[in-house]
1. Please specify each residue of the stretch 1-57 satisfying the condition of being within 23 Å of the chain's Cα centre (by Cα), of a type in the set (A, V, I, L, M, F, W, C) and within 16 Å of Gln71 (Cα to Cα).
2. What's the number of the condition Glu187 fails, among (1) closer than 18 Å to Pro296 by Cα; (2) touching a strand residue (DSSP E or B) at 6+ places or on another chain (Cβ under 9 Å)?
3. Restricting to the stretch 7-25, name every residue that is at pLDDT below 90 and not hydroxyl-bearing (Ser, Thr, Tyr).
4. Among the residues of the stretch 160-203, how many are aliphatic (A, V, I, L, M), over 27 Å from Thr39 (Cα atoms) and without any contact (Cβ under 8 Å) to a residue 24 or more places away in the chain?
5. Could you look through the stretch 73-84, keep only residues that are out of contact with any helix residue (DSSP H, G or I) (no Cβ under 8 Å at 6 or more places or on another chain) and surrounded by fewer than 24 Cβ atoms within 10 Å (Cβ to Cβ), and pick out the one that is farthest from Val36 (Cα to Cα)?
6. Please specify each residue of the stretch 254-272 satisfying the condition of being surrounded by fewer than 17 Cβ atoms within 10 Å (Cβ to Cβ) and either in a loop (DSSP other than H, G, I, E, B) or in contact with a Leu (Cβ under 6 Å, 6 or more places away or on another chain) (or both).
7. When the stretch 273-305 is examined, which residues are found to be of a type outside the set (D, E, K, R), surrounded by 15 or more Cβ atoms within 10 Å (Cβ to Cβ) and in a helix (DSSP H, G or I)?
Amino acid sequence: MLAHAQRPLIIAGRGCLIAGATPELRELVDKAQVPVITTLLGKSALPESHALCLGMAGMHGESSTNRTVQQADLILAVGTRFTDRLTGTNANSFAPDAKIIHVDVDPAEIGKRVRVDLPIVGDAGPIGWIEAETALALDGEQRRTATGLLRIYANHLAVLDYGEHDTLTGLRNRKTFDAMFLKRLAELRVAQGEPHWIGVIDIDHFKRINDRYGHLFGDEVLMLIARILRSAFPPGDILYRFGGEEFVVQMSATPFEEAWSVFDGLRQRVADYCFPQVGQVTVSVGFTAIERNDTPSSAFDRADEALYEAKKQGRNRCVASRVDDAGRPSSGPRVQGEVLLF
């Protein structure tokens, strides 16, 4: 089907990222020379600098990109689900002349909103690998058994991962916070060096966004802020969505000045971003150093107090809990420039 199409197109979604299938996607694109369009959550599945990456599709994509989707005669959708963010409210008018190949790990999602000509149930990336030594090569039945066992194990890991992550943003969820915090605290007690940090980020006036533009655009704001969080913090830092419009960050060992720069830089990046339909959105940030005798709740409460102070100062502020000159928790106030560190 792909070889005989005149205007083929690949739509890559977040499933490509979850499955770690971006190298395979790029290899397919380079060999087949088929252009790629991404969804909002799959935006980094193929670098935007790639010659065959046409950008993002859907209600917040470019009009030229959406026209390309509508004119395609074959669509290979990998790791994406045809929600109304991609198809628009009338799914029946989506790519009317295209045959659709849909690859998804969940069979219930295939054909749910758009007709599918070739359904493929499976992971976007490799299942995994098994290394075994046998006297004789495996026959077909033995290979199928080994593959089946590997799929069961991969599905088990996927269920565990699903239970630990927020379904909308892909960040860790609230119930994983205590265990991850205590693990980092154990590392902090052993190591001698810069402090670790915990920050609480809250979207300013988020209820107004939902009330004025609707929950669909509110969800888009949450997903885009999650993307900004991922780009603002290094991989070693742990990102959570605590629920609603509140996010939490556990930052690895970092000097105070650098921690301040990252947290306040995040605030500025959000304020500078133009959110589709909504326009400007701001966040307030509070953060604190983690003490060796902290519990998850005590550290969170200090950061939350700093967040409250940021809100009280007028929102779109970054406030640090009281620290001394070494960046350690302190009983007295400290002022840096025009910012009160309380």
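1. If the condition is that a residue be within 23 Å of the chain's Cα centre (by Cα), of a type in the set (A, V, I, L, M, F, W, C) and within 16 Å of Gln71 (Cα to Cα), then Ile10, Ile11, Val36, Ile37, Leu54, Met56, Ala57 are the ones that fit.
2. Result: Glu187 fails condition (2) only.
3. Gly13, Arg14, Gly15, Cys16, Leu17, Ile18, Ala19, Gly20, Ala21, Pro23, Glu24, Leu25
4. 3
5. My answer is Thr83.
6. Listed by number, the list holds a single entry, Pro255.
7. Matches in the stretch 273-305: Pro296, Ala299, Phe300, Ala303.
The values are calculated or read from the model by the stated rules, or taken from the named source; none is laboratory data. Being a predicted model, the structure only gives us computed values, none of them experimental. Heads up, the Cβs are rebuilt from the backbone with ideal geometry, glycines too, and the neighbour counts pull from every protein chain shown.
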